[in-house]
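Below you'll find the structure I mean.
The values are calculated or read from the model by the stated rules, or taken from the named source; none is laboratory data. The shown structure was predicted, so the numbers you read here are calculated from the model rather than taken from an experiment. Cβ coordinates were reconstructed from backbone atoms using ideal geometry, including for glycine residues, and neighbour counts include every protein chain displayed.
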């Protein structure tokens with residue numbers, strides 16, 4: 001016996017016609033990890049997918065033009081108009097054309113030194129036994145959008161090609177992009193260039209670092225760079241060295257050591273030792289060090305391993321979640337003269353409100369992460 005569906009099927013959303021069309025040549029200037037339909041796996045036949053590009057543009061629209069909205073509902077309404085939603089077709093057409101220069105960096109090694117600084121960014125590819133796509137891939141990006149959305153689309157594109165990337169591990173500089181049309185002329189007066197672009201695209205930034213009106217990741221005012229111009233890979237590795245040194249450099253982040261690394265000067269390890277009343281006699285907690293987990297602000301989870309003190313091994317997570325993406329973006333930024341500089345951009349609106357550390361009782365508050373006593 002046949003049955004009748006008690007409601008009509010939804011109508012297909014209408015696709016708006018007309019508008020403006022632009023095309024740009026974009027180059028991938030650092031190794032690309034993933035980007036295919038399967039997580040962590042490159043697609044050599046179609047390495048840059050239009051769906052992925054749309055996702056990145058949507059993110060960067062939120063992080064720039066999205067800061068002007070006072071409510072999530074208003075933001076989502078405008079976002080659906082520009083980029084589409086489940087029940088609404090996008091007014092913006094994204095096409096990826098003419099991909100060339102597709103070569104691989106093959107596992108194992110990917111063409112880098114075994115203990116080179118590049119492994120700081122690409123270690124998931126090594127542990128997953130995945131190949132990378134070699135830097136040098138170029139593609140044409142064609143966009144068609146309604147005239148009323150011009151600033152929204154071009155703003156998202158400007159932010160994506162200068163601060164974002166394609167594929168995975170983009171926050172550590174993998175899959176970094178370069179487009180001459182949106183690049184600064186040179187590294188002189190870069191702060192003025194950025195300030196001018198924020199004004200040109202109507203990007204509202206928070207007066208208070210780490211905060212945004214809606215609590216979403218947003219492009220802020222915390223922008224750092226090394227003005228020395230080098231090639232793209234050189235600028236990439238400069239940024240990676242800066243981050244690794246900040247977290248691990250001997251006589252800065254840890255004491256000098258011999259064959260084994262010296263003791264960390266960060267408070268997390270001693271905080272765990274004090275909470276669990278453990279530790280080797282030669283690693284008694286420093287009672288003068290304030291308790292806390294400041295490195296949680298740089299992304300989670302954090303895996304804590306204690307050599308010779310395995311009972312202290314633990315992991316830190318944002319409360320109720322498994323991870324929080326790092327708010328720190330490290331990558332090379334290209335100039336119109338073809339040179340690159342290392343940049344670090346801190347996204348506002350990304351912070352850990354509460355922290356769960358396995359084996360420790362209760363959740364830790366913001367004070368355990370951001371505290372002047374850590375300075």
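Just checking, does the range 335-353 include any residue being in a helix (DSSP H, G or I), modelled with pLDDT of 90 or more and buried (at least 18 other Cβ atoms within 10 Å of the Cβ)?
Within the range 335-353, none of the residues are in a helix (DSSP H, G or I), modelled with pLDDT of 90 or more and buried (at least 18 other Cβ atoms within 10 Å of the Cβ).
From the list 200, 147, which residue is out of contact with any helix residue (DSSP H, G or I) (no Cβ under 6 Å at 6 or more places or on another chain), farther than 23 Å from residue 327 by Cα, in contact (Cβ under 8 Å) with a residue 12 or more places away in the chain and surrounded by fewer than 16 Cβ atoms within 10 Å (Cβ to Cβ)? It would help to see each step written out before you state the result.
Values: 200 fails: in contact (Cβ under 8 Å) with a residue 12 or more places away in the chain.
That would be 147, the only listed residue that is out of contact with any helix residue (DSSP H, G or I) (no Cβ under 6 Å at 6 or more places or on another chain), farther than 23 Å from residue 327 by Cα, in contact (Cβ under 8 Å) with a residue 12 or more places away in the chain and surrounded by fewer than 16 Cβ atoms within 10 Å (Cβ to Cβ).
Can you find even one residue in the range 128-141 that is closer than 21 Å to residue 243 by Cβ and either within 21 Å of the chain's Cα centre (by Cα) or modelled with pLDDT of 95 or more (or both)?
yes
Yes or no: the range 70-86 includes at least one residue that is under 13 Å from residue 143 (Cβ atoms), more than 22 Å from the chain's Cα centre (by Cα) and in a strand (DSSP E or B).
Going through the range 70-86, the residues under 13 Å from residue 143 (Cβ atoms) turn out to be 82-83.
Then drop every residue that is not more than 22 Å from the chain's Cα centre (by Cα), which leaves 82.
So of that shortlist, the ones also in a strand (DSSP E or B) come out as none.
Looking through the range 70-86, none of the residues is under 13 Å from residue 143 (Cβ atoms), more than 22 Å from the chain's Cα centre (by Cα) and in a strand (DSSP E or B).
Further question on the same structure: For the range 98-113, give me each residue that is touching a strand residue (DSSP E or B) at 6+ places or on another chain (Cβ under 6 Å) and exposed (fewer than 12 other Cβ atoms within 10 Å of the Cβ).
Matches in the range 98-113: 98, 100.
Name the one entry in 216, 154 that is out of contact with any strand residue (DSSP E or B) (no Cβ under 6 Å at 6 or more places or on another chain) and assigned to a helix (DSSP H, G or I).
Result: 154 is the single residue among 216, 154 that is out of contact with any strand residue (DSSP E or B) (no Cβ under 6 Å at 6 or more places or on another chain) and assigned to a helix (DSSP H, G or I).
Further question: Taking the criterion of being at negative phi, assigned to a loop (DSSP other than H, G, I, E, B) and either crowded, with 18+ Cβ neighbours inside 10 Å or under 21 Å from the mean Cα position of the chain (by Cα) (or both), would at least one residue in the range 308-321 satisfy it?
Within the range 308-321 (the criterion being at negative phi, assigned to a loop (DSSP other than H, G, I, E, B) and either crowded, with 18+ Cβ neighbours inside 10 Å or under 21 Å from the mean Cα position of the chain (by Cα) (or both)), the answer is yes, since at least one residue qualifies.
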